[in-house]
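The values are calculated or read from the model by the stated rules, or taken from the named source; none is laboratory data. Note that this is a predicted model, so its numbers are computed, not measured. Backbone-built Cβ (ideal geometry, glycine too); neighbour counts: all protein chains shown.
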Amino acid sequence: MTLASPPGRTWIGILLFCGTTLCFAALDTGAKYLTIDHHPLQVVWGRYFFQFLLLIPVFARRGLRRSFASTRPRVQIGRALLISVITFLFFLSISHIPLVDAQAISFTMPLILTVLAFFFLKEKVGPRRWAAVVVGFLGVLLIIRPTGGAVHWAALVCLASAALNAGFHLLTRTLAAADPPDVGIAYAGTIGTAVFSLVVPFVWTTPEPGAWAVFAAIGAMGLIGHYWLSQSYIYARAVVLAPYVYLQIVWVMVLGFLLFGAIPSASTLTGAGIVIAAGIYVFHRERLVRGEK
């Protein structure tokens, strides 16, 4: 069942969604900072561990049974494991390539989702959307081979993360009408913490006090971001909010410059612009095909 958006409240959903992109940009920037001195596995552990700590009061108030009440628990577990792998792959990639490059590559997710929806959900995809997908991936080539040299393996890891993220969104679609969004957040935070707690002792580096603060911050940004994301869909339809996802790369550029003095190359900016334009066009065509205004 799809809930109708409250009339005249779409702007609230847009503001929440824009806040979500800022939270996720801050999370990724913090993760980039932490990977300088810590293994990506430890950074992912910290991201989920502190999210889990923040969820404990929620579990205490609602009770464990209600917090994890799912009509499809196996799918929720699979989805939580998948997002854990996606997060690790993305953090691994940004430990080797610029964050803006990785962020731009990750925005191929809507394009990959279009391909997966065609093959697995049997959704109709017209020639214009196929053309947008091709153009979008040409933009990625500008990003991952900006100087004409060999493709950095971390860029391919990031592309794999984007592909898996498309699959994650397919699973999210299947669960949207089955479980409340906060159930998915509970599963992701708990399972992510459990999985990475098993492996983090092998790569552990004791953080400085300042690093502990960043670990806590990225956990909080993850929880707040996912909560705002779920709330934004109460006030606005997905087709309205989807183009605003690309605001995240703007936040990443600003934060990257302020914290690292990073300035994106011309090829990265050009490639990112192509990917974003292709993604927005895909959203636009999907809205027209579905007859949504």
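Structure notes:
- If the condition is being basic (Lys, Arg) and over 14 Å from the mean Cα position of the chain (by Cα), then the stretch 13-56 contributes only Lys32.
- When every residue of the stretch 95-102 is checked against the conditions, at least one turns out to be within 20 Å of Gly139 (Cα to Cα) and touching a Gly at 6+ places or on another chain (Cβ under 7 Å).
- Screening the candidates Arg62, Arg72, Arg79 for the property of being basic (Lys, Arg), more than 19 Å from Val157 (Cα to Cα), touching a residue at least 60 places away in the same chain (Cβ under 8 Å) and surrounded by fewer than 20 Cβ atoms within 10 Å (Cβ to Cβ) yields one hit, Arg72.
- Tally, over the stretch 201-220, of residues that are crowded, with 19+ Cβ neighbours inside 10 Å and not in a helix (DSSP H, G or I): 0
- With respect to the conditions (1) surrounded by fewer than 19 Cβ atoms within 10 Å (Cβ to Cβ); (2) among the polar types (S, T, N, Q); (3) closer than 30 Å to Leu141 by Cα, Ser230 falls short on a single one, namely (3).
- Residue check, Phe202 closer than 29 Å to Val58 by Cβ, of a type outside the set (Val, Ile, Thr) and modelled with pLDDT of 95 or more: no
- Near pairs, Cβ below 9 angstrom, 6+ apart or cross-chain, from the stretch 42-57 (farther than 14 Å from Tyr227 by Cβ and among the acidic types (Asp, Glu)) to any residue that is surrounded by 24 or more Cβ atoms within 10 Å (Cβ to Cβ) and at pLDDT below 95: none
- The single condition from (1) in contact with a Ser or Thr (Cβ under 9 Å, 6 or more places away or on another chain); (2) surrounded by fewer than 22 Cβ atoms within 10 Å (Cβ to Cβ) that Val135 fails is (1).
- Residue selected from the stretch 256-285 under the condition aliphatic (A, V, I, L, M) and not in a helix (DSSP H, G or I), by the criterion surrounded by the most Cβ atoms within 10 Å (Cβ to Cβ): Ala262
- Whenever a residue of the stretch 164-181 is within 10 Å of Arg79 (Cα to Cα), its partners that are among the β-branched types (Val, Ile, Thr) and surrounded by fewer than 17 Cβ atoms within 10 Å (Cβ to Cβ), lying with C-beta atoms within less than 9 angstrom and at least six residues away or across chains, give the pairs Leu175/Thr71.
- In the stretch 114-129, the residue that is modelled with the lowest pLDDT out of those that are farther than 29 Å from Tyr187 by Cβ and surrounded by fewer than 16 Cβ atoms within 10 Å (Cβ to Cβ) is Lys124.
- Close Cβ contacts (under 6 Å, 6 or more residues apart or on different chains) running from residues in the stretch 121-146 that are under 18 Å from Ala162 (Cβ atoms) to residues that are at pLDDT below 80 and part of a loop (DSSP other than H, G, I, E, B) comprise Ile144/Val151; Arg145/Val151.
- In the stretch 235-264, of all residues being among the hydrophobic types (A, V, I, L, M, F, W, C) and in contact with a Phe, Trp or Tyr (Cβ under 6 Å, 6 or more places away or on another chain), the one that is modelled with the lowest pLDDT corresponds to Ala242.
- Criterion (over 30 Å from Ile263 (Cα atoms), out of contact with any strand residue (DSSP E or B) (no Cβ under 7 Å at 6 or more places or on another chain) and hydroxyl-bearing (Ser, Thr, Tyr)) met by exactly one of Thr87, Thr71: Thr71
- The residues on offer are Leu223, Leu241, Leu198, and the sole one that is over 21 Å from the mean Cα position of the chain (by Cα), in a helix (DSSP H, G or I) and under 26 Å from Leu82 (Cα atoms) is Leu198.
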